Amino acid sequence: MFRAPVWRAVTALAVIAISLILALVSAPRLGLDLRGGTQLVFETRDSPTVKADSAATDRALDVLRQRADALGVVDPTLVRSGERRIIVELPGVLDPRQAAEVIGRTAQLAFHPVLGDEGDVRDENGGRLRLGPAAITGDGIADAVQQSDPQRGPGWWVSIDFRDAGAWQRMSGAAACEPVGDPKRRIAIVLDDEVISSPPLDPSVPCRTGIPGGSADITGSFTHDEARDLAVLIKGGALPVPLTIVEQRTVGPTLGAAAIEASAKAAVAGLVLTAAFIVAVYRMSGLLSTIALACYGLISYAALVAMGATFTLPGLAGFVLAIGMAIDANVLVFERAREEYDQGRGLKAALERGFRNAWSAIADSNVTTLIAAGLLFWLASGPVKGFGVTLAVGVLASLVSAMLITRVLAHAVIGRVGPRLSGLGSPGAVRTWLTRRNPQLMKARRLWLTVAGTLVAAAVAGLLARGLNFGVEFTGGRLVEFATAKPLSADVAGQAVSRAGFPSAVVQASGDGVTVRAGRLGLDDVARIEQELERQAGEVTKRSEAFVGPSLGQELRRNALVALGVAVSMQLAYLAVRFRWTFGAAAVLALLVDVTVVAGMFAWLGKPIDGIFLAAMLTIVGYSVNDKVVVFDRVRELWSPRRPFVTAVNSAILQTMPRTVNTGLGALFILLALMAFGGDSLRDFALALVTGIVTGTLSSAFVAGPLAVWLSRYDRKPPPGPPVKRRRVSGAVV
């Protein structure tokens, strides 16, 4: 009796201390949607001579890394994704045209001898040249840097160092044997089949001897940026395979700062509201769980920074949402403790049994949420993957918070205070009302299923009549959000976009923002649209930009459907193994009702279906099954050969309803804070979750319960028997 509480206390202190140290010494890594910058996703293509396999993609990644470093970008991130994709994140780079041109340009560089002036290649001045075979390629370049010297006059040039000094000396020596003024005395520097410079050799260069030392200067009318970009391309060398941009996102720094501020406000507001609610309901126990909840925030934050996870906007939303989900385990424990105390046990004994008896439901419900989080990480992309990581870490941290820290604090305090102050001495208003009324919900199970069927029919009608408004993430195309100095109506903004050459683009205007979406919209086209909007609204700045190629859009849409299908199948399999197949089938059918209602509501409202919506749907899947697991766990506990199944289901719903109501309210406080302080994307995310939580809570009682009763006729497995109690044997063996 003494060792376990002491070791739990020591473990809790160690976890808190380690988390505090990690939080203080590790800086968070912010994603581009929070600090501003450009993300480019390249896909390698086969060339006539090289296959775009993982090895070629790795070589291309090395070239891109050299170019990003040479551009002077602070803390660029370059990683390979799959066999053929490379993700490049450039913080602070807000011009995607420049980034794509410099980072992803093929840059086939070569030095050619000039054979005459009557060829089919034009030089930098428009004259014609006939070139010989390349004598030096981009692989022979050791270094390249832009330089300027006022003593040599205005302008910039690029200084080059060759790996093979002999090759350069032989090439320049051969050209120096031609007469001064002869075109054959020139050396052409060709970049991507275009002559960028063809300077003649200085008259002082001796014939056959050439230029020793393995260095040369490319001169011309270069600006600083042109010389720098050229040096970057030359130094990086040629890419082994061609690259194609399949996804591009750009976020302005002001939008990122606003997102951080909004998420911080939502976290504070949600935490305060949840803490006030839980203290009002559970008094001292609620206060202790609030302290544990603060420790949960510290633990999950420390775990994320220790993992090197990137904080994104959906990730912050997941962090905030997990606060509401973290309170679920505490509510389960406290409600079980109230039941045990109501049966005549003391406070400490009731609390201990509450922790022990609630563990089964807590473990099952958290496994289902981890399944959803794992699918998000596995099948999603970009910021939504960060949401999956944050959600998984939040679930694990909530287990530590509830089952370790809350338990240590409660054992230290409960028993020193009276039953009323502890919050466990009274059954609560909801349980008292249910006990007094004892409604027989399962008698009207046909009515509940009819109402559910009507809601599903209305949702399906919306899906058929209105369809889903898929965002560019699933359809491909470009989405650009502009901030305007003065508000524009959608009609005026649409006319401006039409004048820019895109009459079929989807244009939306709200307040001081204009959003333009089109399938074929290039970077130069975005600049034209911005100019047309400036004529109507004065100063216009680009807040964010997202481009997804059509092939990637189809892939993401396919992955979204696979994710939902796999999520439902895994939940069914888990519930069938953990309980029995009728429980799993009833839970999954009720889950399909929840998902269909949310999708139908978004169809009727015309809300966008994007990666954020996918994150919301998979979270709803986890939450909905979580709720049904708690109900069926109680059914399994109450059902016996002496109690009819329908009675056990009705009693289980009534007994778990206080937990369901309190947990749902805790999550709703968080979501309402996100709706109040979050941006448009987070507002839609919160709207989907609010609808899903309300629907999921109701479907646990009024859909899953009646379906389980109906399916029980096909289940020949007998009810579970009473648990076998082990008898203690004491005495001596003689």
request  = Grab the beta carbon distance between GLN151 and ARG97, set R0 = 45 Å, and tell me the FRET efficiency rounded to 0.05.
outcome  = 0.80
ask   = Roughly what angle does helix 680-699 make with the longest principal axis of the chain, taking Cα atoms, 0 to 90 degrees, to the nearest 10?
value = 30
task = Evaluate the charge dipole of region 460-554 about its Cα centre and quote only its size in Debye, nearest 20, assuming +1 on the Cβ of each Lys and Arg and -1 on the Cβ of each Asp and Glu.
result = 220
key: Largest-first ordering by accessible area, 1.4 Å probe, given options HIS224, HIS112   = HIS224, HIS112
inquiry  = 5 Å is the cut-off here: which amide hydrogens, built 1.01 Å from N in the peptide plane, fall below it relative to ARG29, excluding neighbours closer than 5 in sequence?
reply    = PHE311
query = At a Förster distance of 41 Å, what's the computed FRET efficiency of ALA55 paired with ASP143, Cβ-Cβ distance as r, to 0.05?
reply = 0.95
request  = Find how much the distance from VAL180 to ALA485 grows on full extension, using 0.36 nm per residue of separation minus their present alpha carbon separation; answer in nm with one decimal.
outcome  = 103.8 nm
ask   = Considering only protein heavy atoms and a 1.4 Å probe, what is the carbon-and-sulfur percentage of the accessible area of region 13-163?
value = 52
message = Can you give me the angle between helix 383-400 and the longest principal axis of the chain, using Cα atoms only, in degrees from 0 to 90, rounded to the nearest 10?
response = 40
ask   = Per Stokes-Einstein, at 4 °C and 1.567 mPa s, what whole-number D in µm² s⁻¹ belongs to the chain, with the Kirkwood radius over Cα pairs as the hydrodynamic radius?
value = 43
ask   = Going by Cβ distance under 4.7 Å, what cysteines of the chain have no possible disulfide partner?
value = CYS295
request  = May I ask you to compute the full-extension gain from ALA363 to THR223, defined as 0.36 nm times their residue separation minus their alpha-carbon distance, rounded to one decimal in nm?
outcome  = 44.0 nm
request  = Find which of ALA567, LEU618, ALA599 sits farthest along the positive direction of the dipole of region 552-685, computed with +1 on the beta-carbon of Lys and Arg, -1 on that of Asp and Glu, about the Cα centre.
outcome  = ALA567
remark   = In whole angstrom, the spacing between the Cα centers of region 572-614 and region 1-63 equals 30
inquiry  = Can you find, among LEU396, LEU654, LEU687, the residue sitting farthest towards the positive end of the charge dipole of the chain, where Lys and Arg contribute +1 and Asp and Glu -1 at Cβ?
reply    = LEU654
task = At a 1.4 Å probe radius, which order do ASP684, ASP143, ASP193 fall into by accessible area, largest first?
result = ASP193, ASP143, ASP684
ask   = For region 598-609, in order, what is each residue's ³J(HN,Hα) by Karplus, 6.51 cos²θ - 1.76 cosθ + 1.60 with θ = phi - 60°, in whole Hz (x at glycine and Pro)?
value = 5, 5, x, 5, 5, 5, 5, 7, x, 6, x, 9
FRET efficiency, 1/(1 + (r/R0)^6) with R0 22 Å, evaluated for TYR714 and THR450 via beta carbons = 0.55
remark   = With x for Gly and Pro, the residue-by-residue ³J(HN,Hα) of region 294-303, computed from phi through the Karplus equation 6.51 cos²θ - 1.76 cosθ + 1.60 at θ = phi - 60° and given in whole Hz, is 5, 5, 4, x, 5, 5, 5, 5, 4, 5
ask   = Under a plain spin-label model, where a point goes 7 Å from the Cα along Cα-to-Cβ, how far apart in nm are GLU534 and LEU463?
value = 4.6
ask   = What order, most packed first, do the peptides 387-397, 500-510 have when packing is the mean number of other Cβ atoms within 10 Å of each residue?
value = 387-397, 500-510
key: Karplus (6.51, -1.76, 1.60) ³J(HN,Hα), θ = phi - 60°, over region 306-315, in Hz, Gly and Pro reported as x   = 5, 6, x, 5, 8, 7, 10, 5, x, x
note = Per-residue accessible area, 1.4 Å probe, largest first, puts LYS348, LYS51 in the order LYS51, LYS348
request  = Multiply the residue separation of SER640 and THR244 by 0.36 nm, subtract the distance between their alpha-carbon atoms, and state the gained length in nm to one decimal.
outcome  = 136.2 nm
The chain - accessible surface per residue (Å², probe 1.4 Å) = 45
message = If I model a spin label at LEU20 and ARG170 as a point 7 Å from the Cα along the Cα→Cβ vector, what separation in nanometres do I get?
response = 7.1
inquiry  = For a quick check: with amide H placed at 1.01 Å from N, whose amide H comes under 5 Å from ARG163's, ignoring anything fewer than 5 positions away on the same chain?
reply    = ILE141, ALA142
request  = Evaluate the distance, in nm, between pseudo-label points positioned 7 Å from the Cα of ASP202 and of ASP512 along their respective Cα→Cβ axes.
outcome  = 5.7
task = Determine the share of region 609-726's accessible area contributed by carbon and sulfur atoms, expressed in whole percent, with a 1.4 angstrom probe.
result = 64
request  = Please name which of ALA68, PRO183, GLY354 has its Cα lying farthest along the dipole of the chain towards the positive end, using unit charges on Cβ (Lys, Arg +1; Asp, Glu -1) and the Cα centre as origin.
outcome  = GLY354
inquiry  = Using the Cα centre of the chain as the reference point, and only Cβ charges (+1 on K/R, -1 on D/E), how large is the resulting charge dipole? Debye, rounded to the nearest 20.
reply    = 5700
Residue-level accessible surface for ASP715, protein heavy atoms, 1.4 Å, Å² = 30
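The values are calculated or read from the model by the stated rules, or taken from the named source; none is laboratory data. These figures come from a predicted structure and were not determined experimentally. Positions of Cβ are generated from backbone atoms using ideal geometry, with glycine treated the same way; all protein chains shown enter the neighbour counts. Areas reflect the complete protein model, heavy atoms only, side chains present, ligands, DNA and RNA absent. Shrake-Rupley method; radii C 1.70, N 1.55, O 1.52, S 1.80 Å.
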